[in-house]
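Student: Below you'll find the structure I mean.
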Amino acid sequence: MTAQPDESHYNPIGSIHGGFFATVLDSACGCAVHSTLQAGVGYTSLEIKVSFLRPITAETGTVTAHGWVTRRGRTAAFAEADIRDSDGRVLATASSTCLIIHPGPGQ
């Protein structure tokens, strides 16, 4: 997935807020997990750890996030993701644990 950060995402010190990184990385991890599930099975994030490696500013331009599943069980899945700039430099990484939610009886 891609995102276009701009000044509206800035924190008080003039760079893109960590919440922007976390939101994009959480989405990339979640979509990776979602891609492994059967129809009707859901998921939710239980935990996410984000490592900020380089700053993002409005001048960074479009960033791209990739997510992948490292292990999936019946009730939990583990995923990782990174955000890169247009030159392929890694700006941030994440690891995530997702709860897999199976539909209840009769659903």
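Student: Condition first: more than 14 Å from the chain's Cα centre (by Cα) and of a type in the set (A, V, I, L, M, F, W, C). Now tell me which residues in segment 28-76 satisfy that.
Tutor: Matches in segment 28-76: L37, A39, V41, L53, I56, A58, A76.
Student: Only residues that are open to solvent by 60 Å² or more (accessible area, probe 1.4 Å) and among the acidic types (D, E): list them for segment 63-107, please.
Tutor: Listed by number, the residues that qualify are E80, D87.
Student: Which is of a type in the set (G, A, S) and touching a Phe, Trp or Tyr at 6+ places or on another chain (Cβ under 6 Å), of A32, A58, A77?
Tutor: A32
Student: Counting only residues that are open to solvent by 70 Å² or more (accessible area, probe 1.4 Å), in contact with a strand residue (DSSP E or B) (Cβ under 8 Å, 6 or more places away or on another chain) and over 30 Å from P105 (Cα atoms), how many does segment 11-62 have?
Tutor: The number of residues fulfilling the criteria is 6.
The values are calculated or read from the model by the stated rules, or taken from the named source; none is laboratory data. Note that the structure is a prediction, hence the values are computed from the model and not measured. All Cβ positions, glycine included, derive from the backbone under ideal geometry; neighbour counts span all protein chains shown. Heavy atoms of the whole protein, side chains included, go into the accessibility calculation; ligands, DNA and RNA do not. Shrake-Rupley method; radii C 1.70, N 1.55, O 1.52, S 1.80 Å.
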